[in-house]
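The values are calculated or read from the model by the stated rules, or taken from the named source; none is laboratory data. Quantities reported herein were computed from a predicted structural model and do not represent experimental measurements. Backbone-built Cβ (ideal geometry, glycine too); neighbour counts: all protein chains shown. Surface accessibility is based on the protein's heavy atoms, side chains included, excluding ligands, DNA and RNA. Shrake-Rupley method; radii C 1.70, N 1.55, O 1.52, S 1.80 Å.
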Amino acid sequence: MTPVTAAESLTPELAAARALGDDALVLAQRLGEWAGDAPVLEEDVALTNIALDLLGQARTLLSLTGDEDELAFLREEHEFRNVQLAELPIGDFADTTARQLYFSVYQELLYAALADTGGALAPLAAKAVVEVAYHRDHAEQWTLRLGDGTEESHRRMQRAVDGLWRYTGELFEPLDGLGVDLPGLHPVWRERVADVLGRATLTVPGGPDRTPWAAGAGRQGVHTEAFGRLLAEMQYLHRAHPGASW
Amino acid sequence: MTTTAEHTAPGRAASAPPPDQGELQAAFDDAVAADTRIEPRDWMPDAYRATLVRQMAQHAHSEIIGMQPEANWITRAPSLRRKAILMAKVQDEAGHGLYLYSATETLGVSRDDLLDKLHAGRQRYSSIFNYPTLTWADVGAIGWLVDGAAITNQVPLCRCSYGPYARAMVRICKEESFHQRQGYELLLALSRGTPEQHAMAQDAVNRWWWPSLMMFGPADGESAHSAQSMAWKIKRHSNDELRQRFVDICVPQAEVLGLTLPDPDLRWNESRGSYDHGAIDWSEFQEVLRGNGPCNEQRLDRRRTAHENGTWVREAAAAYAAKHAADQDNAHEEARA
């Protein structure tokens, strides 16, 4: 089997591109689990559409650093550099909405800044930021509806935003080679997220946004238990037929 | 809303005396004969409306139930390109469901009513989706054979006498023909791949061929709704005619694929200029229709569960809309004061 180029031997810029590609791939994989099971038909369309946008971003980014299929299907857990937020199970619609809010606000800020760097990833970022603005709008609209809907939806949405909060700090860890001041985007992210949560009558979570243990080490190749199962499902067919073309 | 009584012929002033039934029926018959489209506000016989609701609802339900067997492979697609194609396809199916429910709503029924009937087992979806997708090659076989059969059935519906249905079908057929080609291309890659991949493709075609032929419905002599639907120009060709057209298209395509069709009686008939095929096992068709197919319960349960799990979300959206409609009203009140 062809060995996949280890992230450590890539230039910092390509290693960063691979990390962002992993974020997009893994979240697309999670969102793809919703197809056919969304609460309303319009959301089957919307969630699959977001998944497709992310998968498109992933393919472009991963292809910069190697063969997209080898990278997706032949790496093991510890070789993936995605943030843990992207890999967590889909949960209920509130969990999915909360993750989409946190992630899309982050991605919109990141891609906008990346587009401004003028570096090799700038054209991709400029294209992706337009897509991501829709993802953010979609997440925001549902956060408002669930937060300010019924008692039940409010309770579920508050639980979801609280539960995922400890995975958000990792999003703003510095990523070498990107040319973007990620820690510098963190306060803007907090402000934007707090604004949406406030309008949705939700409380901004007060707990830590990372923990000393599991949460927040995806960029170092440390993942959650759920991630191994995600990869097992995603990779099994490709791995069962070594060298086959599809 | 399920009433049909409010529908009147277009273009009549409110004060004019209501036209009698015979006059309306004659105008409708003339429109059908002249191949003019019947539109939602036109008068139509109750039975015509009921037939359309039955057929269009079944079609819409088939699109959304049909997402399940294919979505079954989204998370396991063996390359990122195939994953993207499959996701886009399943998304198209949700979109087709939306167009078709909307087109059906023009007949005075709501999407919620139709979904309730589907969930209660009172409206059908295509029996083909009661078969399982056991391997990746099934995704290709569904594209080539199931979507191919659907297109053969649906292209004539683009000329159906009911305007909203015909127009929805134009768009749907364009997308379906992409799906069909993508499925074919998937199978071609497998057939020309490793021996294991080739065997996977052959096995899928063996399992999907006969159920695909059954998609055209019972033989002409046995079809309950055909004659009236043909007279109304909802349907343009008989079941057997369309089935034959499909067989004639598939046989040479299978040869190019390097796969065989599981019918020893399949052979060219010079005098008819068509392929003869073996007898269809209609008892299997009837069993699946009665609910005894491999996945009938599973598909409907999955659909009901998704709907039930989404109840709190739909309630939240409705509550939010109601609250904020009230806010807007208050804002208008204040502006006026």
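With every protein chain in place and a 1.4 angstrom probe, the accessible-area ranking of B:ASP116, B:ASP92, largest first, reads B:ASP116, B:ASP92. Taking other residues whose beta carbon is less than 11 angstrom from the beta carbon of B:VAL146, and scoring Lys, Arg as +1 and Asp, Glu as -1, yields -4. Across B:SER274, B:SER127, B:SER177, mean-square fluctuation computed from a Gaussian network of chain B (C-alpha pairs under 10 Å connected) peaks at B:SER274.
Over 23 Å apart at the Cα level, from the set B:LYS89/B:LYS235; B:LYS174/B:LYS235; B:LYS117/B:LYS233, are B:LYS89/B:LYS235; B:LYS117/B:LYS233.
In this simple spin-label approximation, B:TRP282 and B:VAL170 carry label points 7 Å from Cα along the Cα→Cβ vector, and these lie 3.7 nm apart. Rg of the Cα atoms in the protein assembly as shown, relative to 2.2 N^0.38 Å, amounts to 1.09. Within chain B, the ratio Rg/Rh, alpha carbon atoms throughout and Rh by Kirkwood, equals 1.03.
Qualifying trypsin sites (Lys or Arg not before Pro) in region B:213-244, where qualification requires a DSSP coil assignment and no more than 10 other C-beta atoms within 10 Å, are lacking entirely. Radius of gyration over Kirkwood radius for region A:30-76, both on Cα atoms: the Rg/Rh ratio is 1.12. 3J(HN,Hα) along region A:154-171: 5, 4, 5, 6, 5, 4, 5, 5, 5, x, 8, 4, 6, 9, 8, x, 4, 4 Hz, from the Karplus curve 6.51 cos²θ - 1.76 cosθ + 1.60 with θ = phi - 60°, whole Hz, x for Gly and Pro. What you get for chain B, charging only the Cβ of Lys and Arg (+1) and of Asp and Glu (-1), is a dipole of about 640 debye around the Cα centre. Comparing each chain alone with all protein chains together (probe 1.4 Å, DNA, RNA and ligands left out), the residues of region B:281-313 losing at least 10 Å² of accessible area are B:ARG302, B:ARG303, B:ALA306, B:GLY310, B:TRP312, B:VAL313. For region A:1-104, GluC sites (Glu not before Pro) are listed when DSSP marks them as loop and at most 14 other Cβ atoms sit within 10 Å of their Cβ; the list is A:GLU76.
Sparsely packed loop sites in region A:1-67 (the trypsin sites (Lys or Arg not before Pro) outside DSSP H, G, I, E and B with at most 12 other Cβ atoms within 10 Å) do not occur.
To the nearest 10, the accessible area of B:PHE216 is 10 Å² with a 1.4 Å probe.
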